[in-house]
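One structure below.
The values are calculated or read from the model by the stated rules, or taken from the named source; none is laboratory data. Because the structure is predicted, anything quoted here is derived from the model rather than measured. Heads up, the Cβs are rebuilt from the backbone with ideal geometry, glycines too, and the neighbour counts pull from every protein chain shown.
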Amino acid sequence: MSCSTRSVIARLAALIALLCVLPAAYAGYGDALNMPVGVTEVSREVYGLHMLIFKICVVIGAVVFGVMIYSMIYHRKSRGAKPATFHESTTAEIVWTVTPFVILLFMAWPAAKVLIKMEDFSDSEMTVKITGFQWRWHYDYIEEGVDYFSQLHPQHNEARQLGSDTDLAQFDNYIKEVDNPLILPVGKKIRFLHTAADVIHAWWVPDLAVKKDSIPGFINENWALIEEPGIYRGKCAELCGRDHGFMPIVVKAVPQEEYDAFIAEKKAAGQSAHNETTRQWDRAELVARGEEVYNRNCMGCHQQNGQGIPGMFPPIAGSDVATGDIVAHLKTVLNGVDGTAMQAYGTLLSDVELASVITYQRNSLGNAIGDVMQPYFVGQVRDGTSDSAPIASAQADEIDFLKIDDASTESEAGVDKL
Amino acid sequence: MSAYDTAHHDDHDHHGPAPGLTRWLYTTNHKDIGTLYLWFSLLMFFIGGAMALIIRAELFQPGIQIVDPMFFNSMTTMHAIVMIFGVVMPAFVGLANWMIPMMIGAPDMALPRLNNWSFWIMPFAFTIMLSTLFMDSGGPAGGWTLYPPLTLQMGDSFAFVIFAIHFMGISSVMGSINIVATIFNMRANGMTLMKMPLFVWTWLITAFLLIASIPVFAGAVTMLLTDRYFGTSFFSAAGGGDPVMFQHIFWFFGHPEVYILILPAFGVVSSIIPTFARKPLFGYDSMVYATASIAFLSFIVWAHHMFTTGMPLAGELFFMFSTMMISVPTGVKVFNWVATMWRGSMTFETPMLFAIGFVVMFTIGGLSGLMLAITPADIQYHDTYFVVAHFHYVLVPGAIFSLIAATYYWIPKWTGNMYDEKLGKIHFWTSTIFVNVLFFPMHFVGLAGMPRRIPDYSLQFADWNMIASIGAFGFGFAQIIFVWVVYKCVRGGEKATDEVWEGAVGLEWTVPSPAPYHTFEEPPPLAVINKNHF
């Protein structure tokens, strides 16, 4: 008996030693082990709730497993245990039905309180509309009239391609970096409106305890009041196709003055973008710009060489669309193709980007049609002020001679038409 | 004990199995069909497992090294479909076929030709399903949950996927009808409902869940089909539909489906633990009621899969509370198993080891399930690896472990030979260690912010993912030991007695080992039934 007691003590000592090591391990892996506490009141309460329930679960588990382990050690045949014959006890059954129920009540109460707070959208001070696209986010500061896209940083995008052989250690935040972060002010109750243009996405920033599905055709809402300036990173949480893993979110929370300056700067940039849209571009300029746009938006499916993937994604090189009527080509890109992964890029790209990528596709990737699409013309087709009828058959020269008669188009205007 | 049966068997007034391949093609014998189901699911287990290993190989380190993200998505989708519809469900139907008639003293299933048909549909359905991987437009890649609009972006192999799902559904519904008909009509005189082994009870309830939920799924995928090909817009907002409606319909099927995968496992474990504790199952009646309560609750908790879709507050509260309620009957089950072990006289043969492994690790999965029920916390957990860890804990060391335990437990009855106990124990310990190395770290990365269904991740998750991948390969290769043990046991080995296990209770242990081709052509006498129930 004393021998086995000693072995039990030895086991306990080993267990205690293990438990002592755990906090050390935890310290080293803190950011990869547990839910972040976050920087909003709600996120802290969610974290508290998570830890409370986790601890209750650990206690329940310890009791159940403890009894099992005790039983397995002492009630084994090899120790000469004789089986008891009891096989029911109404008292026991009632006890272990009612006890969990009471424990549940202690969990349900704080959970309901936090949930009610999360769902209270009243008194928000500003609104950002977030639209999910395959595979980027569009942020629209509704009150300010400022909007822009945000997507995986180009360097990260290059590094994450199959067979890129890039040393990922050079990146501080591999595939968590974007080109244009969402800038938000601290200390303001911000309401987020969520929708999507193509499939369901989910906008998730753990530090804000904010996750909501972006559903095409519907608008969801949630909110956050960020308390500390900083950079908070998140990911799309709902499977949204090939590049679901590559649409990160970066929220940069800044003091109010910095935020105001950012908005002012964005408004000024909007004006210069307008000037770019209305001026005449030459072909080399468009092709150069188009290559950049293509590699960012089209390459994923149609491949860098424009050959596509047989059976899944059609080629650009030598295709009927990219070598046929230029206006039909534009419309395919503007409106997408129903029932395929080809999205309506009219909402995704500016007029300059559309014009340049179409020009690039027709004059590169093995195509040499020689014609040119001007940005202002994209706007006209978008608005329906110009259409296929007289211009459809127009070749490059004729389009170049078109007058700039309507300069009212604005980049990314299509987003509001959702 | 088995004298009445062997005496009859010696009369030779009935036919044995037909020779050759036709035996398996035309068979209406519940044991043959059970065997077919079990071999089929074992094959699919390795196919689905290979897909899991492709996933874990890609996730071994950050960056994309092996497969295109689209193919990765196909793998996650297909892995789930294969494991759910091709492994766990058919394996339990196989066990039901083998064991239910022998447990209730019936000569065969009630509807033997239907039985043949419901099996033989499966290989065709899965051939079609798997063939989509080789089609131009690739296999399904929108997740096994098939959420529109994403799933509607799939190429024309989509139609094959829907067709295959319909056939799997038909097979399951027919199998379930057969099980219900058998249990209600074929019990030997004196085998009252409350004397049935728990495996029979859990399967009866599971069969009702299947009959109620599979047609809902069939309806949902048919609506996807018409949205894709016939211009309807059930799930397209542009045409007046709602993508979230699909999720409601899907999970109205999907949540009962979760219990379809686990209730028969409860039955298996409730058979094994009393045997090796040499003590009757504690709280038989409450086990039955708990199973029925879980089945009922499973129909009113579906939207807990959808807390981030934007439900009204009242809906979120309702689904949170109803989901938490499930832990009460589930807890009753776990406590009853522990009470059965308490003051027993336990031995730890391989089936018992896997059953205890089941109780411990299923409880871990159950507790993380309780955490997931808490809506505000679920907002953070949803669609992360925490969820992946949770459902793999209940399905792998849960459902799969119970299937392995059942195989070790009953294989002496099936083959007449004892399996290799030493190899069985090695199989248990390697499986248990690696399954935890595989799935436990997923809790950490999930909480720390790693979404599920992604082929690449940030460097902060690198260490745990590498560990998980090592666990995956270890667990995968450990299953080769299982195949070897089964193969050896089928080929020969120490002869099993009729009782096989010292403490075994139940009619299946009153027939000879191996069980003759036909058993209980005459129902067992009342005295035998009364001596052999819980």
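Quick rundown of the values:
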| quantity | calculated |
| --- | --- |
| Yes/no for B:W501 being part of a helix (DSSP H, G or I) and either farther than 30 Å from B:T77 by Cβ or free of Cβ contacts under 8 Å to residues at least 12 places away in the same chain (or both) | no |
| Subset of the stretch A:207-237 (residues that are surrounded by fewer than 24 Cβ atoms within 10 Å (Cβ to Cβ), within 7 Å of another protein chain (Cβ to nearest Cβ) and more than 11 Å from B:T309 (Cα to Cα)) | A:P216, A:G217 |
| Single residue of the stretch A:277-327 satisfying the filter (within 32 Å of the chain's Cα centre (by Cα) and among the small types (G, A, S)) that is nearest to A:W135 (Cα to Cα) | A:G300 |
| Leading residue by the ranking (surrounded by the most Cβ atoms within 10 Å (Cβ to Cβ)) among those in the stretch B:125-157 that are in contact with a Gly (Cβ under 6 Å, 6 or more places away or on another chain) and hydroxyl-bearing (S, T, Y) | B:T151 |
| Subset tally (residues that are touching a Pro at 6+ places or on another chain (Cβ under 7 Å), more than 11 Å from chain A (Cβ to nearest Cβ) and free of Cβ contacts under 8 Å to residues at least 40 places away in the same chain) for the stretch B:281-325 | 1 |
| Conditions (1) under 23 Å from B:P451 (Cα atoms); (2) out of contact with any Ser or Thr (no Cβ under 6 Å at 6 or more places or on another chain); (3) in a helix (DSSP H, G or I): number failed by B:T363 | (1) |
| Yes/no for B:S172 being within 19 Å of the chain's Cα centre (by Cα), more than 29 Å from B:V388 (Cβ to Cβ) and not β-branched (V, I, T) | no |
| Some residue of the stretch A:197-218 being touching a Cys at 6+ places or on another chain (Cβ under 9 Å), closer than 29 Å to A:E292 by Cα, modelled with pLDDT under 95 and not β-branched (V, I, T) | yes |
| Matching helices (runs of 4 or more DSSP H) fully within the stretch A:325-412 where at least 2 residues are modelled with pLDDT under 85 | A:375-383, A:388-391, A:396-401 |
| Residue under evaluation B:S345, criteria (1) more than 7 Å from every other protein chain (Cβ to nearest Cβ); (2) surrounded by fewer than 21 Cβ atoms within 10 Å (Cβ to Cβ), criterion not met | (1) |
| Check on B:K413, over 22 Å from the mean Cα position of the chain (by Cα), modelled with pLDDT of 95 or more and away from every other protein chain (no Cβ under 14 Å) | no |
| Number of the exception - B:A110 against (1) surrounded by 24 or more Cβ atoms within 10 Å (Cβ to Cβ); (2) more than 14 Å from chain A (Cβ to nearest Cβ); (3) touching a residue at least 60 places away in the same chain (Cβ under 8 Å) | (1) |
| Members of the stretch B:494-534 found to be in contact with a Gly (Cβ under 6 Å, 6 or more places away or on another chain) and closer than 17 Å to B:N29 by Cβ, listed by number | B:P514, B:Y517, B:F520 |
| Qualifying residue in the stretch A:325-346 (condition: closer than 27 Å to A:V199 by Cα and touching a His at 6+ places or on another chain (Cβ under 8 Å)) | no |
| So B:M245, is it under 30 Å from B:A527 (Cβ atoms), within 14 Å of another protein chain (Cβ to nearest Cβ) and surrounded by fewer than 23 Cβ atoms within 10 Å (Cβ to Cβ) | no |
| So A:K188, is it of a type in the set (K, R) and within 11 Å of chain B (Cβ to nearest Cβ) | no |
| Test result for B:V500, within 30 Å of B:M83 (Cβ to Cβ), touching a Lys or Arg at 6+ places or on another chain (Cβ under 7 Å), surrounded by 14 or more Cβ atoms within 10 Å (Cβ to Cβ) and aliphatic (A, V, I, L, M) | yes |
| The stretch A:150-176, subset touching a His at 6+ places or on another chain (Cβ under 7 Å) and crowded, with 20+ Cβ neighbours inside 10 Å, residue farthest from B:T151 (Cα to Cα) | A:Y174 |
| Residue selected from the stretch B:448-474 under the condition touching a residue at least 60 places away in the same chain (Cβ under 8 Å) and under 25 Å from the mean Cα position of the chain (by Cα), by the criterion nearest to B:F60 (Cα to Cα) | B:S469 |
| From the options A:T91, A:T85, residue that is β-branched (V, I, T), within 9 Å of chain B (Cβ to nearest Cβ) and farther than 27 Å from B:T308 by Cβ | A:T85 |
| Residue satisfying condition, being more than 16 Å from the chain's Cα centre (by Cα), under 27 Å from B:V388 (Cα atoms), away from chain A (no Cβ under 14 Å) and crowded, with 24+ Cβ neighbours inside 10 Å, within set B:I183, B:I165, B:I100 | B:I165 |
| Unmet criterion (only one of (1) within 23 Å of B:M287 (Cβ to Cβ); (2) out of contact with any helix residue (DSSP H, G or I) (no Cβ under 9 Å at 6 or more places or on another chain)) for B:G416 | (1) |
| Any chance B:M194 is within 14 Å of chain A (Cβ to nearest Cβ) and within 30 Å of B:E522 (Cβ to Cβ) | yes |
| Residue match in the stretch B:377-396 (condition: within 30 Å of A:P206 (Cα to Cα), of a type in the set (G, A, S) and within 14 Å of chain A (Cβ to nearest Cβ)) | yes |
| Meets criteria (out of contact with any Ser or Thr (no Cβ under 7 Å at 6 or more places or on another chain), farther than 12 Å from B:D420 by Cα, among the small types (G, A, S) and touching a residue at least 40 places away in the same chain (Cβ under 8 Å)) for B:A515 | yes |
| Neighbours by Cβ (under 6 Å, 6+ apart or cross-chain): first from the stretch A:44-57, within 7 Å of chain B (Cβ to nearest Cβ) and crowded, with 16+ Cβ neighbours inside 10 Å; second not in a helix (DSSP H, G or I) and not acidic (D, E) | A:V46/A:A209; A:H50/A:M35; A:I53/B:I374 |
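Yes/no matrix, rows are residues, columns are (1) under 30 Å from B:E316 (Cα atoms); (2) not acidic (D, E):
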residue: B:P351; (1), (2): no, yes
residue: B:I356; (1), (2): no, yes
residue: B:F362; (1), (2): yes, yes
residue: B:D383; (1), (2): yes, no
residue: B:V387; (1), (2): yes, yes
residue: B:F401; (1), (2): no, yes
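A quick yes/no check of all residues on (1) assigned to a helix (DSSP H, G or I); (2) more than 14 Å from chain A (Cβ to nearest Cβ); (3) on the phi > 0 side of the Ramachandran plot; (4) not hydrophobic (A, V, I, L, M, F, W, C):
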| position | (1), (2), (3), (4) |
| --- | --- |
| B:S402 | yes, yes, no, yes |
| B:Y408 | yes, yes, no, yes |
| B:K422 | yes, yes, no, yes |
| B:P441 | yes, no, no, yes |
| B:G446 | yes, no, no, yes |
| B:I467 | yes, no, no, no |
| B:G474 | yes, yes, no, yes |
